[in-house]
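The values are calculated or read from the model by the stated rules, or taken from the named source; none is laboratory data. Because the structure is predicted, anything quoted here is derived from the model rather than measured. Here Cβ is always computed from backbone atoms with ideal geometry, including for glycine, and neighbour counts include all displayed protein chains. Just the protein is used for accessible areas: all its heavy atoms, side chains included, with ligands, DNA and RNA removed. Shrake-Rupley method; radii C 1.70, N 1.55, O 1.52, S 1.80 Å.
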Amino acid sequence: MSERVHTLLPGSRIWVSTFHRFCAKLLREHGRAVGLNPNFSIYDTGDQQQLIRQLLHDLNFDSAHFPANKINARISQAKNELLSPEKYITRYGEGIGTHLEAVVAKVYPAYQKRLLEANAVDFDDLLVHVAMLLAEQDPLRVELDQRYRFILVDEYQDTNQAQYQIVTALSQIEPNLCATGDPDQSIYGWRGARIENILRFEHDFPAVTMIRLEENFRSTPEILKTADRLIGYNIHRKAKRLKTDNVSGEAVELRLYRDGQHEANSIANEIAALIESGERRWKDFAVFYRVNALSRSLETAFSRQRIPYQMAGGVAFYERVEIKDLLAYLRLIENPQDRIAFLRVVNTPTRGIGKRSLEKLVQWADGIGWNLIDASRQRVPIPALPKRAAVQLRTFAAMVDELSQANCGTVEALLQLILKRTGYLQQLEASPDEMDSQRVGNIEELISAARQYDEQEHENDHASSLTGFLETATLTQDIDSLDESTGTVTLMTLHAAKGLEFPCVYLLAVEQNILPHERSLRQNDARQLEEERRLLFVGMTRAEEKLVLTHTVRRELHGRSLSTIPSVFHDELTVELRDLTGAEDFQFLDSTDHDLRFDRDDFSNSHQTDDEHETSMPSVPELEKHHADGEPWQQRKPPVGQTRSGLRLTTGAALKSGTKQSVELQTGFAIGMQVRHPRYGLGTVIETSGLSKNRTVTVEFAADARRECFVAAKCPLQPIGLR
């Protein structure tokens, strides 16, 4: 978007940014009002959870009963609702909320205090601090309102409460606000997005002019018709009808497979055949799924067929161990108060500073109110701290001081100096482990990223800024790592797919408890079910020419193989059903083979008994109808989970197919999978890398926390489920 804007308006002063980056810029200028220095650190999810684990330990809470990720999610939710620690305690403190909320009420204030002491913020703070500044400091709000006279917001349906308040505060004196968005693509409610922000836009800004953008330039009429009908069943939306001048294409398919392995093998075979015939290129294909666990069988099938693929949402580049280590060195150089960065690298590579020694250092530093790097410099004896550890801490602090003094050139040069002074790279290069050689390659890629950043800043007549580089690295999303030029098949979750497009899309597991997700059904929340429907709508409309939805008779997930239930969304679609449960291997089928085109009317009276309410089924014209007042058509919904005979897809061939299953070596290990090794015992997969016969898997074993790297196709690991 930035490139397009500056191409259209060269030399303009338009600033294109995400909300988080925009707020980070404002906090660098005005953060002292909330207790932040301009060189503050931005903690990612891993840093946040590490800090929370430390606080749980300090507050004598069992992290096994109160996992850091759950506490972090509750704190994030509170911030998205603009609940300060004080307000959270008032609402959910001890004796008021649940036991978990009472724990959060104790951790949240300590968490915020520790962040400020470390001169750090988390992602939510970037928004919350700015929203509070604008609400509490009117002179600053007026200054910024007049500075940013015209504001354009993209994807407005995904804004949360803090973002809404920021936009509103900056649009008072100069009410020049343009927002684009689609309520039908609001899929981030679970992380605080409020669909009401766009549904109430006319109420919040009465002088608004509404323009409906209904023409679709991406997809075929068949895909749009199916997606349009599906989303018409949502109530909380703005009525519109998708249309296109694109030529007609293939019907949308719903394919039925025996199980996940059959599903993955068939998709892999079809892709390979289309490539071999010259009809398609690898990059034409994408496979979407609701949960990451569904990628395992795909990875196995793709590796067997030697299909090149890339994944979004796996271990992102900036989340890899070696990259986070080096970024922690950079963060400590930029912000010596950063406790999490200090604790990560003080003994990386190993310097003989043990866990007990660090506990003594932390206890002593906290007692006198010093940060850890200042405490490490001191020659004053620290109680119970071994002399050797004290010497090593002073040596480490001296090295950090030396590196800080060198922080006056390029980020690339500073990284090279860190590698030289710490010996980090030599340690990896000397290792015979193949995974360590891949880590060397990742470090070289980080150096390349730093070089590109330096060059870009030079082209913009700016000096290289370590703060700017760290901000770029921290605010980079998983999806930003996708390389469209690689010429590979793309695997990703439906949430990650938003905003992208591919000629051919396979959308897996349109099954009850997966899509829609069991959480939306368990909570019996109609709004959550609508968000699941929007998620399916988003995935479907990523397809340009070919769209295939899948369903299996049985699905193995979380270590269990269960019979599936057709998704409640099936009968809200107009699709072509292909029952492939009787096929030994996937074959291209004529349009007459196993075809059953079904429509809404096929299910209008299915499985109703005398005491059941008659279900009101809207017709196509009713769903497509526009209303003068712009309000959506209201409809009566069939009960969630109601049985529909038209969706009873299991066949005799499917049942027979389960009698003899060949057992194959599983090489599709997924992050988080629990495995068993005959020698090392139980472990968890923490990283996978490579393709086909070169694919490797790294496992951390529970007994002694050791990490081992294996070649996936040859290792004796036995998958036993996902955590």
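If you check I382, I353, I307, I323, which single one turns out to be assigned to a helix (DSSP H, G or I) and not small (G, A, S)?
Within the list I382, I353, I307, I323, the selection yields I323.
Of all residues in region 292-345, which are at pLDDT below 85, of a type in the set (A, V, I, L, M, F, W, C) and touching a Leu at 6+ places or on another chain (Cβ under 9 Å)?
Scanning region 292-345 gives A293, M311, A312, F317.
Between L36, L55, L26, which is at pLDDT 90 or above and touching a strand residue (DSSP E or B) at 6+ places or on another chain (Cβ under 8 Å)?
Numbers: L55 fails: touching a strand residue (DSSP E or B) at 6+ places or on another chain (Cβ under 8 Å); L26 fails: touching a strand residue (DSSP E or B) at 6+ places or on another chain (Cβ under 8 Å).
None of the others qualify; the one that does is L36.
Might you check whether a residue that is open to solvent by less than 20 Å² (accessible area, probe 1.4 Å), under 30 Å from A712 (Cα atoms) and either without any contact (Cβ under 8 Å) to a residue 40 or more places away in the chain or of a type in the set (F, W, Y) (or both) occurs anywhere in region 357-375?
The answer is no; no qualifying residue exists.
Select, from W370, W364, the only residue that is at pLDDT below 95, under 19 Å from Q54 (Cβ atoms) and outside any helix (DSSP H, G or I).
W370
Return a yes/no flag: does region 392-403 have any residue that is among the aromatic types (F, W, Y) and either modelled with pLDDT under 90 or farther than 17 Å from T348 by Cα (or both).
Scanning region 392-403 turns up no residue that is among the aromatic types (F, W, Y) and either modelled with pLDDT under 90 or farther than 17 Å from T348 by Cα (or both).
R306 - would you say it is at negative phi, out of contact with any strand residue (DSSP E or B) (no Cβ under 8 Å at 6 or more places or on another chain) and open to solvent by 20 Å² or more (accessible area, probe 1.4 Å)?
No.
Would you kindly identify the helices (runs of 4 or more DSSP H) lying entirely within region 190-258 that contain at least 1 residues that are in contact with a His (Cβ under 8 Å, 6 or more places away or on another chain)?
Hits in region 190-258: 196-199.
What is the residue count in region 203-221 for residues that are out of contact with any Ser or Thr (no Cβ under 6 Å at 6 or more places or on another chain), open to solvent by less than 90 Å² (accessible area, probe 1.4 Å) and without any contact (Cβ under 8 Å) to a residue 60 or more places away in the chain?
5
With the condition kept exactly as written, say whether any residue in region 379-398 is in contact with a Leu (Cβ under 9 Å, 6 or more places away or on another chain) and closer than 20 Å to E322 by Cα.
No, that holds for no residue.
When C23 is evaluated against the numbered criteria (1) touching a helix residue (DSSP H, G or I) at 6+ places or on another chain (Cβ under 7 Å); (2) more than 19 Å from Q161 (Cα to Cα), which criterion, by number, is the only one it fails?
Single failed check for C23: (2).
Of a type in the set (V, I, T) and open to solvent by 20 Å² or more (accessible area, probe 1.4 Å) - does that describe any residue in region 454-469?
yes
Out of A390, A312, A384, which single residue is surrounded by fewer than 15 Cβ atoms within 10 Å (Cβ to Cβ), among the small types (G, A, S) and out of contact with any Pro (no Cβ under 6 Å at 6 or more places or on another chain)? Spell out the reasoning first.
Details: A390 fails: surrounded by fewer than 15 Cβ atoms within 10 Å (Cβ to Cβ); A312 fails: surrounded by fewer than 15 Cβ atoms within 10 Å (Cβ to Cβ).
That would be A384, the only listed residue that is surrounded by fewer than 15 Cβ atoms within 10 Å (Cβ to Cβ), among the small types (G, A, S) and out of contact with any Pro (no Cβ under 6 Å at 6 or more places or on another chain).
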